[in-house]
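First comes the structure, then the notes that go with it.
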Amino acid sequence: MKENYAIKKLADGTPIPYELLLLADETKEAINKYIFDCTIFTLIKEKSNDLVGVMAIVQLDQDTVELKNIAIAPQKQSQGFGTDLLSFLKSYARDQHCQQIWVGTADIGHLQHRFYLRNGFEMDHIRKNFFLDHYTAPIIENGIQMKHMLVFSYCLKTRTN
């Protein structure tokens, strides 16, 4: 973790940081479908208490945690803060005795794919037509409509081979 920054669990009663979460999901309505089941962590600059990043995770079962949303403030992107949040998530998941972490992202999200691959995630499976079935309006990114969700996984088990 970078000096002067801290990751903290969002305290009960604290407003949900939708302004950042909306950087990684299309609508507040879509976020509200999962956010109330999540544990939310914020990345803040300690001296000013400025919000730099956020991630929302949900425990799927005793072995698996899913990263539902991760976002970094635009002016702080490409500075390693996303990697810091993922490193924290890996430690947190290990502390919860999880075996794996899942994260889903759009089939056309090439920058997101590279980010997760760089951080040790591997392509796991595809949720066909996810964005067609779960969003009322088409979602267009870089001139291409999102259709499928690619799910990446990170194995927390120690490999024996």
Rg over Rh of the stretch 97-161, using C-alpha atoms and the Kirkwood radius, what does it come to? 1.07
Quick check: at a probe of 1.4 Å, how many percent of the accessible area of the stretch 1-98 sits on carbon and sulfur atoms? 45
For the chain, what is the accessible area per residue in Å² when the probe is 1.4 Å? 59
For the stretch 71-161, what's the relative contact order in percent, using C-alpha pairs closer than 8 Å and at least 6 residues apart? 34
In Å, descending, principal axis extents of the Cα set of the stretch 44-127: 38, 32, 18
Sort the following peptides by mean Cβ neighbour count (other Cβ atoms within 10 Å, averaged over residues), highest first: 101-110, 42-51. 101-110, 42-51
Would you mind working out the magnitude of the charge dipole of the chain relative to its Cα centre, with +1 at each Lys and Arg C-beta and -1 at each Asp and Glu C-beta, to the nearest 20 Debye? 400
Can you work out ³J(HN,Hα) from phi for every residue in the stretch 103-108, in order, using Karplus 6.51 cos²θ - 1.76 cosθ + 1.60 and θ = phi - 60°, giving whole Hz and x for Gly and Pro? 8, x, 8, 5, 4, 9
Kirkwood Rh, Cα atoms: Rg over Rh of the stretch 68-115: 1.00
Rg(Cα) of the chain divided by 2.2 N^0.38 Å? 1.03
If amide hydrogens are placed 1.01 Å from N in the peptide plane, which non-local residues have theirs closer than 5 Å to the one on Ile108? Lys147
22 Å Cα-Cα reach of Lys90 towards lysines, excluding residues that sit fewer than 8 places from it in its own chain: Lys2, Lys8, Lys9, Lys45, Lys68, Lys76, Lys157
Cα pair count fraction exceeding 14 Å, expressed as % - the stretch 1-72: 60
Averaging sequence separations of C-alpha pairs under 8 Å and six or more residues apart, then dividing by the length of the chain, give the relative contact order as a whole percent. 18
For the stretch 85-92, take each phi angle, set θ = phi - 60°, evaluate the Karplus expression 6.51 cos²θ - 1.76 cosθ + 1.60, and give the result in whole Hz per residue in order, putting x for glycine and proline. 5, 5, 4, 4, 4, 4, 5, 4
Applying the Karplus parametrisation 6.51 cos²θ - 1.76 cosθ + 1.60 with θ = phi - 60° to the phi angles of the stretch 23-38, what ³J(HN,Hα) value in whole Hz is obtained for each residue in order, glycine and proline being reported as x? 5, 10, 9, 6, 9, 5, 5, 5, 5, 5, 5, 10, 5, 6, 9, 9
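The values are calculated or read from the model by the stated rules, or taken from the named source; none is laboratory data. This structure is a prediction, so every number in the text was calculated from the model and none was measured. Cβ atoms come from the backbone with ideal geometry, glycine included; neighbour counts cover every protein chain shown. Keep in mind that these areas ignore ligands, DNA and RNA; they rest on the heavy atoms of the full protein, side chains included. Shrake-Rupley method; radii C 1.70, N 1.55, O 1.52, S 1.80 Å.
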